[in-house]
Each structure stands twice: as C-alpha cells, then as structure tokens.
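Undergrad: Quick one: the structure is below, and I'll ask about it shortly.
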Amino acid sequence: MLLPPLLLDALRDICQRRGSALAVSPLRSENQLLLLVETLPEATRVTLETLLMSYCRTRASLPVNFAYLLALETAILSLIGLIPSKSISPEFPGWSKLQEYLPWFRKASQIAQNHLDCALVRNYWLITRPTNPWLRTLRVELFYNEQLTAGDRSLNAEQQNLLLRWLEQFVLYCSRLVPTFPAEAIAAGIPIPPQPRSTAA
C-alpha cells in the first residue's frame with residue numbers, strides 16, 4: 001500500500017470534491033488515482049504524505065481553519081499534477097514592516113530545529129542570505145529568538161522581495177538534508193510553493 005488508508009481516504013475525498021472541478025484532466029476512477037500516486041517519485045510521495053497528514057490533523061482540530069484546509073487541498077492537487085502549479089503561487093501580502101515578516105521566518109527556524117542542530121540552523125540562515133548590504137544589517141537571531149523584536153523598521157518593495165527570496169532559499173537549502181522540509185513549511189502556513197512533480201524518466 002503506497003499510502004496509509006486514512007491518507008488515501010483523505011486524498012480520494014479531496015479529488016472527488018475539488019479535483020473534478022479544478023483539474024485539467026479530471027480522474028474518472030479510483031484506479032486512475034491509485035496509478036497516479038504509484039507513479040509519483042519517492043520524494044514527491046513523501047511530500048504528499050506530509051501534506052495529507054497536516055490536512056487530516058487540521059480537519060480534525062477545532063475550530064476548523066477552512067482557509068488553511070483549502071490551501072492544503074490546492075497544494076495537494078498541484079503536487080499530484082491535477083492542477084497547474086502556477087495556480088497556487090503564493091500571493092505575498094505587501095507588508096511594510098519587518099516585524100510582520102518574522103512569524104514566517106520563526107516558523108521556518110522551528111521546523112528546521114525539529115531536525116537539525118540549532119547552530120546549524122543559524123549557519124543555514126547565514127549561508128542562504130542573498131548578497132545585499134541591507135540584509136547584512138539584520139541579525140539572524142531575529143529569526144529564531146522570540147525575545148528579539150525588529151522594532152518599527154519599514155520596508156520598501158526591494159527589501160520585501162529580498163526577505164521572501166531569503167526565506168525561500170533557506171527552505172530549499174534545508175530540504176537537502178530534510179526532504180520533507182518544503183511540505184512541512186507549507187503545512188505550517190509558510191508561503192513556499194510545493195516541489196513540482198518530477199517529469200524526469
């Protein structure tokens with residue numbers, strides 16, 4: 001069995017409810033769904049399992065976060081190739097303060113620290129920092145120390161883009177050691193596009 005029964009039931013439910021309406025070529029039978037999952041590369045299947053586990057946990061928790069469930073469903077359908085990946089590209093809010101971006105960075109640090117040593121996480125933030133003089137003024141401790149605040153620092157559009165690029169590079173860099181990291185980031189609400197389905201033979 002490729003997926004545990006609970007996760008397979010959740011996937012079947014998502015495909016029946018949303019897949020038929022959104023899919024480029026909807027699945028016509030359960031056998032097609034099983035075949036689709038069976039042909040996924042192993043890394044993609046691990047990511048799919050992580051997203052489905054988050055989906056099941058979120059659906060069972062009260063109060064139910066319907067917006068988050070919807071985002072997870074879209075990510076799952078995209079990951080298995082039923083809807084185009086571009087349709088789930090995250091819409092980043094145009095926040096103007098550094099403090100507003102910190103929750104994403106801190107969630108990413110927390111996920112990383114579940115798998116990696118704290119010193120390694122700090123080094124990964126430093127390694128993945130894009131080359132830019134402004135970014136060097138930021139202490140990476142802001143990204144994992146809840147006691148520190150960014151104050152009232154305002155951001156321009158270029159600085160916002162640099163922060164988002166840094167966050168994405170950190171997640172991708174960590175995924176070299178922790179393949180499930182992108183899926184865990186998505187499940188935690190960090191707006192990182194899920195890994196696309198591999199088209200390599």
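Undergrad: Can you work out the Karplus-derived ³J(HN,Hα) for every residue in the range 149-154? Use 6.51 cos²θ - 1.76 cosθ + 1.60 with θ = phi - 60°, whole Hz, and x for glycine or proline.
TA: Karplus-based 3J(HN,Hα) across the range 149-154 equals 10, 8, x, 10, 5, 8 Hz.
Undergrad: How high is the FRET efficiency between ARG153 and THR58 when r is their beta carbon distance and R₀ equals 45 Å, given to the nearest 0.05?
TA: Step by step, r from the Cβ atoms, then E = 0.85.
Undergrad: Of all chymotrypsin sites (Phe, Trp or Tyr not before Pro) in the range 126-174, which ones are in loop regions per DSSP and have a Cβ with at most 13 other Cβ atoms within 10 Å?
TA: Passing both the DSSP loop test and the Cβ count: TRP134.
Undergrad: Further, regarding this structure: Stretched out fully, how many nm does the piece from LEU2 to GLN169 gain, at 0.36 nm a residue minus the Cα gap?
TA: Full extension of this stretch gives 57.1 nm more.
Undergrad: What is the calculated FRET efficiency for TRP134 to LEU177, with r their C-beta to C-beta distance and R₀ = 35 Å, to the nearest 0.05?
TA: 0.80
Undergrad: Right, something else. How long is the gain from ARG17 to LEU120 if the chain were fully straight, where each residue apart is worth 0.36 nm and the alpha carbon distance is subtracted?
TA: Taking ARG17 through LEU120 to full extension adds about 32.9 nm, to one decimal.
Undergrad: Just to confirm, what accessible area per residue do you get for the range 103-172 at 1.4 Å probe, in whole Å²?
TA: 55
Undergrad: Taking H placed 1.01 Å from N in the peptide plane, check which residues at least 5 places from LYS97 or on another chain put their amide H under 5 Å from its amide H.
TA: For LYS97, whose amide H was placed from the backbone, the distant partners under 5 Å are LEU155.
The values are calculated or read from the model by the stated rules, or taken from the named source; none is laboratory data. Values in this document were obtained by computation on a predicted structure and should not be read as measured data. Reconstructed Cβ throughout: ideal geometry from the backbone, glycine too, with neighbour counts over all protein chains shown. For accessibility, only protein heavy atoms count, side chains too; no ligands or nucleic acids. Shrake-Rupley method; radii C 1.70, N 1.55, O 1.52, S 1.80 Å.
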